[in-house]
Amino acid sequence: MTAHRICVIANEKSGQNSRDQEAITRAMDVFGDGAWREEWSPGSDPSDTIDLAIEKNADLVVAAGGDGTAMAVAAAMVGRDIPFAVLPLGTFNFFTRGLGLSEVPEEAAEQILGGESHDIHVGMVNGQVFLNNASLGIYPAILKERESVYKHWGRRRIAAHWSVLKTFLRFRRPMKLTMTSDDETRTLRTALVFVARSAYQLEMFGIEGRLAIENDAFAVLVARASTRRTLFQLVWRLTTGSIKEGRDYDLIKTRRLEIDVARRKTLLAFDGEKRREKSPFKFRMSEKPLRIILPKTEDTTE
C-alpha cells in the first residue's frame with residue numbers, strides 16, 4: 001500500500017525497554033519521515049489517540065507491541081475506514097505470525113509498506129474484541145500464574161512453561177456449564193473452553209478449525225479433560241502432535257455462542273489479557289469489519 005502519514009501507537013512501557021525502543025526506532029526509519037509515534041497506556045481506550053491521528057491526516061495506524069496491544073488498538077479501529085497494521089514486539093506475537101509478518105520489526109515494517117488492505121471480522125465476547133482467542137477454565141488460570149512468574153523471573157518462555165505445570169498441579173475440579181450454539185444447548189463439565197479466531201494457533205498443535213475461521217466463524221474447542229491426569233494427557237498429546245478430536249476435545253463451529261457457568265464469577269481470558277466476569281458469556285462476530293494490512297504472498301505478487 002502507499003501510506004504517506006503513518007501513526008505508530010506504542011505501549012508507553014516500551015519506552016522503558018531499550019530493546020523495544022530500538023526496535024521501534026528501526027521500524028520508524030523504514031516507515032520514513034511521514035511516520036510519527038504516539039504512546040498509549042495499557043488499560044485505557046486508545047480511541048482518542050486514533051481520533052487525533054486521523055485529525056493529523058494519518059492514512060495508516062500501526063500498533064507496536066504484543067498481542068495485548070494489538071487487540072486494544074484493533075478494538076478501537078473496528079469500523080474505521082483507514083487501515084490498521086501491527087508491528088510485533090511481544091513474546092508470542094500469535095496474531096502477526098498468523099498474518100505472515102516477520103518477527104523482525106524492520107522486516108515487518110517493509111512488509112506492511114508493501115502489503116494490501118483486507119476487511120476481516122473479529123471475535124467479540126460480551127462486547128470485548130479479541131483477535132486470537134478467548135477462553136474459560138484452565139487456560140485463564142495459566143495466564144494468571146504466568147503473570148506472577150514473570151514478575152519474579154522475567155518474560156521468558158521457560159517461565160511460561162513453568163506456569164503451566166504449577167497451574168495443573170493446583171487443579172481441583174472442572175467447570176460445570178451450559179453452552180448454546182446454533183439453537184443447540186448442552187450441559188457439561190470441562191476444564192477448558194477455548195474459542196479460537198486464529199488458525200495459526202490451532203495448526204501449531206495439529207487441531208482442525210481453519211475452515212471455520214476462514215468462513216468468519218469461531219472454532220470452539222471443549223476439552224474432554226476433567227481431571228489432573230487427563231489434563232496432563234491432553235498437554236502431552238498436544239506437544240507430540242497426537243491430539244484427536246472426539247477423544248481429547250470436541251470441536252464446535254459457530255458464529256454465535258453463549259456459555260453459562262455455574263459460578264458467581266469466572267476468569268475470562270482474551271488475547272493474553274484477563275478479567276473476572278459474571279456469566280453468561282456471549283460470543284459473536286463483529287458486525288463492522290477491521291481493515292487490516294496483510295503482507296503480499298507469492299500468489300498476490302505473481
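Would you call R264 modelled with pLDDT of 90 or more, surrounded by fewer than 16 Cβ atoms within 10 Å (Cβ to Cβ) and not assigned by TED's automatic domain parsing to the domain that holds L99?
No, not satisfied.
Could you look through the stretch 124-183, keep only residues that are surrounded by fewer than 18 Cβ atoms within 10 Å (Cβ to Cβ) and acidic (D, E), and pick out the one that is modelled with the highest pLDDT?
Looking at residues that are surrounded by fewer than 18 Cβ atoms within 10 Å (Cβ to Cβ) and acidic (D, E), I get D182.
Need pairs with beta-carbon distance below 8 Å; first residue acidic (D, E) and within the stretch 76-91, second at pLDDT 95 or above; sequence gap 6+ or separate chains.
Listed by first residue and then by second, the contacts come to D81/R291.
List every residue pair whose Cβ atoms sit under 7 Å apart, with the two residues 6 or more apart in sequence or on different chains, where the first one lies in the stretch 126-144 and is more than 24 Å from D216 (Cα to Cα) and the second, anywhere, is assigned to a helix (DSSP H, G or I).
Filtered contacts from the stretch 126-144: I138/T167; I138/L231; A141/T167; I142/S163; I142/V164; I142/T167.
If you check A225, A219, which single one turns out to be small (G, A, S) and either modelled with pLDDT under 95 or loosely packed, with under 13 Cβ neighbours inside 10 Å (or both)?
The match here is A225.
Residues T227, T254: which one is farther than 28 Å from H121 by Cβ and of a type in the set (S, T, Y)?
T227
Would you check if G241 is farther than 13 Å from S181 by Cβ, touching a helix residue (DSSP H, G or I) at 6+ places or on another chain (Cβ under 9 Å) and not assigned by TED's automatic domain parsing to the domain that holds A85?
So G241 does not fit the description; no.
Name every residue in the stretch 251-302 that is outside any loop (DSSP other than H, G, I, E, B), under 19 Å from the mean Cα position of the chain (by Cα), farther than 19 Å from V73 by Cβ and without any contact (Cβ under 8 Å) to a residue 40 or more places away in the chain, in order of residue number.
R276
Working only within the stretch 1-47, note down all residues that are at pLDDT 85 or above and in a loop (DSSP other than H, G, I, E, B).
Scanning the stretch 1-47 gives R5, G32, D33, G34, S41, S44, D45, P46.
Taking the stretch 90-113 as the search range and keeping residues that are among the hydrophobic types (A, V, I, L, M, F, W, C) and more than 14 Å from the chain's Cα centre (by Cα), which one is surrounded by the fewest Cβ atoms within 10 Å (Cβ to Cβ)?
Across the stretch 90-113, the extreme among qualifying residues is V104.
The values are calculated or read from the model by the stated rules, or taken from the named source; none is laboratory data. Everything quoted here is computed from the prediction, not taken from an experiment. Cβ: placed from backbone, ideal geometry, glycine included. Neighbour counts: every protein chain shown.
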